[in-house]
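In what follows, a single structure is set out as structure tokens and then discussed.
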Amino acid sequence: MAEDETPQEEDPPPAPAPGSRGPGAHPRVMFRWGLYGSLGILAVAATTLAVYTTRAVLVRVLIGLFIAVALDPALNMLTRRGMRRSLAVLVIFVIAAGLTAAFLISVIPALVHQFQALVHDFPGYVASLSDRSSRFRQLTDRYHLTSKVEELIASLPGRLGGGALGFTRRLFGALFNTLTVVVFAIYFMVDMPRLRQNVIRLFPKASRAQAGRVTDVMVDKVGSYTVGNLLISLVAGLASFALFAILGVPFSVPLAFVVAVCDLIPTIGATLGAVICVLAALLTTELWPTTVIVAIFFVVYQQVENYFIAPRILRTTISLSAPAVLLSGLIGGTALGLIGALMAIPVAAGLKVVLGERLQARDSAEADTDTDTDADAELSPRPARG
């Protein structure tokens, strides 16, 4: 007797998705998703346009935040000694304003006077160098350098000032921008602990402890690097001014100021300042011995700065390779000019801290996984021998 064949049950057809009718999607669903996609594109476009329109204000906010982060180590030092944070902010900015005012009062008059004298006497220096060097005289005669330099000097005041109205507009614009940056920096310094907590709250709870450590280290490194870089530039400017004063090089104040500013630029700044000063000494003094001594001084000083001054001042910062420093400076300079070049190096150092923490956490997690696997293998029962 044949066995009863029981029919196999077939899988029921899948239920239609909500909002769909049969194999095709409902037109209302398609319209809804199209509307959502269009609104998303419009939101991205509006955000991009808003950022582009307010880019000048955002740059000032970024500079204020950078200043606040740079001064945060000094602020923490005062608060650890029992001073209230608001009072510590006031003390730091009073000291900074006093130092800035003293610098401007002592340097700006001499800087303006000597710069005007340099502009006025520059054609004479070029003619004097032509008389001393036949090779340079041939170059000036071939390319008409003397006449071109005189035309450039004559048009320089108009290019710089743009008239009284243009100079006044630029002056008030610079004062407004400076005041805006200072106000933002004060707000960021006062609210820095709350800003750190808000940044940490963006991470999941399991990662907040690590994010807090990374944020603290990043802020400390950025602040230490910025203050240390300013100190190194100040030392370079003072040493150059002392040399120029001893040798009697004209325009010692503007040249020392150029050295200090150029020394802030990563990688190529010190060399650029040295080349400018050597050329100025060659134009205004004799080749031997003044210009030669100036050239030897900058060669020796760069070695002293690289191997003795900078390592002692920047001992707590993150060391970056030369390609990383050059690439960071180029990206920052292209984006925000000189300010961007100055901000790029400490930001890159902070990103290196973040990357190092992430790599260390990954290696630790992999090591823990390997340890647990080996332990499970040792505890598992071995098969009995036959």
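The values are calculated or read from the model by the stated rules, or taken from the named source; none is laboratory data. Nothing here was measured: the structure is a model prediction, and the numbers come from that model. Note that each Cβ is placed from the backbone with ideal geometry, even for glycine, and that neighbours are counted across all protein chains shown. These area figures cover heavy atoms from the full protein model, side chains too; ligands, DNA and RNA do not enter into them. Shrake-Rupley method; radii C 1.70, N 1.55, O 1.52, S 1.80 Å.
In the set (1) under 20 Å from ARG85 (Cα atoms); (2) surrounded by 16 or more Cβ atoms within 10 Å (Cβ to Cβ), the condition left unmet by ASN229 is number (1).
When ARG208 is tested against (1) under 30 Å from VAL299 (Cα atoms); (2) part of a helix (DSSP H, G or I), only condition (1) is not met.
Which is surrounded by 10 or more Cβ atoms within 10 Å (Cβ to Cβ) and farther than 30 Å from ALA256 by Cα, of VAL57, VAL69?
Numbers: VAL69 fails: farther than 30 Å from ALA256 by Cα.
Being surrounded by 10 or more Cβ atoms within 10 Å (Cβ to Cβ) and farther than 30 Å from ALA256 by Cα holds for just one of VAL57, VAL69, which is VAL57.
Within the stretch 200-226, the set of residues being closer than 23 Å to GLY64 by Cβ and open to solvent by 70 Å² or more (accessible area, probe 1.4 Å) comprises ARG201, LEU202. The single residue among LEU243, LEU234, LEU255 that is open to solvent by 30 Å² or more (accessible area, probe 1.4 Å) and of a type outside the set (Lys, Arg) turns out to be LEU234.
Looking only at the stretch 265-280, filter to residues that are open to solvent by 50 Å² or more (accessible area, probe 1.4 Å) and not β-branched (Val, Ile, Thr); which one of those is nearest to GLY237 (Cα to Cα)? Of everything passing the filter in the stretch 265-280, LEU272 is nearest to GLY237 (Cα to Cα). Number of residues in the stretch 32-70 that are of a type in the set (Lys, Arg) and closer than 23 Å to PHE176 by Cβ equals 2. Of all residues in the stretch 231-245, none satisfies being of a type in the set (A, V, I, L, M, F, W, C), outside any helix (DSSP H, G or I) and out of contact with any strand residue (DSSP E or B) (no Cβ under 6 Å at 6 or more places or on another chain).
The residue pairs whose first member lies in the stretch 187-199 and is more than 14 Å from ASN76 (Cα to Cα), whose second member is in a helix (DSSP H, G or I) and of a type in the set (Phe, Trp, Tyr), and whose beta carbons are closer than 8 Å, counting only pairs six or more residues apart or on different chains, are LEU195/PHE188.
So which residues in the stretch 92-117 are of a type in the set (Val, Ile, Thr) and surrounded by 15 or more Cβ atoms within 10 Å (Cβ to Cβ)? Answer for the stretch 92-117, where residues must be of a type in the set (Val, Ile, Thr) and surrounded by 15 or more Cβ atoms within 10 Å (Cβ to Cβ): ILE92, VAL107. Among the residues that make up the stretch 352-372, is at least one of them outside any loop (DSSP other than H, G, I, E, B), surrounded by fewer than 16 Cβ atoms within 10 Å (Cβ to Cβ) and at pLDDT below 65? Yes.
Taking into account only those residues within the stretch 281-297 that are assigned to a helix (DSSP H, G or I) and without any contact (Cβ under 8 Å) to a residue 40 or more places away in the chain, which is surrounded by the most Cβ atoms within 10 Å (Cβ to Cβ)? Full working, then the answer.
Quick first cut of the stretch 281-297, residues assigned to a helix (DSSP H, G or I) only: 281-284, 287-297.
Remaining after also requiring without any contact (Cβ under 8 Å) to a residue 40 or more places away in the chain: 281, 288-289, 291-292, 295-296.
Details: ALA281: 24, TRP288: 8, PRO289: 11, THR291: 21, VAL292: 14, ALA295: 16, ILE296: 11.
Of everything passing the filter in the stretch 281-297, ALA281 is surrounded by the most Cβ atoms within 10 Å (Cβ to Cβ).
Looking for something in a helix (DSSP H, G or I), modelled with pLDDT under 85 and either of a type in the set (Asp, Glu) or closer than 26 Å to VAL183 by Cβ (or both) - is there at least one such residue anywhere in the stretch 108-121? Looking through the stretch 108-121, at least one residue is in a helix (DSSP H, G or I), modelled with pLDDT under 85 and either of a type in the set (Asp, Glu) or closer than 26 Å to VAL183 by Cβ (or both).
Might you let me know whether the stretch 76-94 holds any residue that is at pLDDT 75 or above, part of a helix (DSSP H, G or I) and either in contact with a Pro (Cβ under 8 Å, 6 or more places away or on another chain) or of a type in the set (D, E, K, R) (or both)? Let's see the steps before the verdict.
Quick first cut of the stretch 76-94, residues at pLDDT 75 or above only: 76-94.
After this cut, where a residue has to be part of a helix (DSSP H, G or I) as well, the list is 76-80, 85-94.
In the following step, the residues that additionally are either in contact with a Pro (Cβ under 8 Å, 6 or more places away or on another chain) or of a type in the set (D, E, K, R) (or both) were identified as 80, 85.
Checked against the condition, which is being at pLDDT 75 or above, part of a helix (DSSP H, G or I) and either in contact with a Pro (Cβ under 8 Å, 6 or more places away or on another chain) or of a type in the set (D, E, K, R) (or both), the stretch 76-94 yields at least one hit.
Listed here are the residues, each with its yes/no results for (1) open to solvent by 60 Å² or more (accessible area, probe 1.4 Å); (2) touching a His at 6+ places or on another chain (Cβ under 6 Å); (3) modelled with pLDDT of 85 or more; (4) not in a helix (DSSP H, G or I).
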| residue | (1), (2), (3), (4) |
| --- | --- |
| ASP11 | yes, no, no, yes |
| PRO14 | yes, no, no, yes |
| VAL29 | no, no, no, no |
| TRP33 | yes, no, yes, no |
| GLY37 | no, no, yes, no |
| THR48 | yes, no, yes, no |
| ALA74 | no, no, no, no |
